[in-house]
Amino acid sequence: MYNDLKGKNVLVTGGSKGIGRAISLGFADEDARVISISRNIPEDTDNRITYYNCDVSNNNDVKNTIENIISEFGSINILVNNAGIEEYASLDKTGEDMWDRIMDTNVKGIYNVSKYCMPVMLKNHSGNIVNVSSVQADIITKNAAAYVTSKHAVIGLTKSIALDYAPEIRCNAVLPATIDTPLVRKAAILEVGNNEEKISQKIREWGLQHPMGRIGKPEEVANTVLFLASGQSSFITGASIMVDGGLSIKAPISTPRN
Ligand code: BMA
């Protein structure tokens, strides 16, 4: 438990599933007041979390939703920009619509939400923003041109926010590798079809590529986000923290000593 997250107003984007859901529950366990915004309100809601329907890529929708949240909750202390989508294509197969969809959610979404949270953070002379990027802001997979670009852009925006608003507002990024989420399941289905056994096998295979020997759990990303949002990380800003089970340090070429 952190002792300084209790009672804080925390806004989590994409909080209905996967990593965002784990982050929302993590803050709720710290007795924070958690507000989750997502395009779909989940079926398994938690009564400690307030859910709003909002598409982060839509500027007007975000503006209205954040106005409503601020009039309801008074303030926003911590913002976690987690909402993100992934679609798979190399550059020449990436249609303009796919490019725009990915950039609009993964990058413009952070711009939209952070922008409308900023006035209240500036008024408070304090605030904390954590952006969910990806290990793919460093090492990358094939056929994900728009996604890879978007996750690199998140790092740039993280650093800009950190520099422009220090010391009152801190902003950091987490860079997850393969995590057990609907996004990764969808990727597995694209590779092996909708067959439970094959999906599990593919996910195990991906897990073994990580030095930790497995894929990550959403809670393991959430734990890092909570640390960055807490006072325990008070001298960290503009940083990119890998939550990748060692994936990014591993060279794919083995030596005889292996
Ligand atoms: C994430 C997603 C996952 C992938 C992981 C590691 O951002 O792209 O589908 O497994 O990176 O490459």
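Values quoted throughout were computed directly from the atomic coordinates according to the rules given, and no laboratory measurement underlies them. Note that the structure is a prediction, hence the values are computed from the model and not measured. Cβ: placed from backbone, ideal geometry, glycine included. Neighbour counts: every protein chain shown.
Other residues within the sphere of radius under 14 Å centred on the Cβ of ILE236, judged by their own Cβ, net out at +2 (K and R +1, D and E -1). Near the amide H of VAL243, within less than 5 Å, lie the amide hydrogens of LEU175, ALA177, all on another chain or at least 5 residues away, with H placed in the peptide plane.
With θ taken as phi - 60° and the Karplus curve 6.51 cos²θ - 1.76 cosθ + 1.60 applied, the whole-hertz 3J(HN,Hα) list for region 187-204 is 5, 5, 4, 4, 7, 10, x, 8, 10, 3, 5, 5, 5, 4, 5, 4, 5, 4 Hz, x standing for glycine and proline. Once the Cα atoms are used to define both axes, helix 145-165 deviates from the longest principal axis of the chain by about 30 degrees. Over 28 Å apart at the Cα level, from the set LYS159/LYS217; LYS151/LYS250; LYS17/LYS63; LYS115/LYS217; LYS142/LYS217, are LYS115/LYS217. What length, rounded to one decimal in nm, is gained on full extension from ASN124 through to THR141, with 0.36 nm per residue of separation minus their alpha-carbon distance? Using 0.36 nm per residue and subtracting the Cα-Cα distance, I get 2.0 nm.
By how many degrees, 0 to 90 and rounded to 10, does the Cα axis of helix 109-124 deviate from the longest principal axis of the chain? With both axes taken from Cα atoms, the answer is about 30 degrees. For the chain, modelled as a GNM whose springs connect Cα atoms under 10 angstrom apart, the maximal fluctuation among ILE203, ILE241, ILE139 occurs at ILE139. With Cα atoms defining each centre, region 229-257 and region 85-108 are spaced 26 Å apart in the structure.
Against the chain, whose longest principal axis comes from its Cα atoms, helix 18-29 is set at around 40 degrees. Considering only ASN59, ASN143, ASN195, the Gaussian network model of the chain with Cα springs below 10 Å gives its largest mean-square fluctuation to ASN195.
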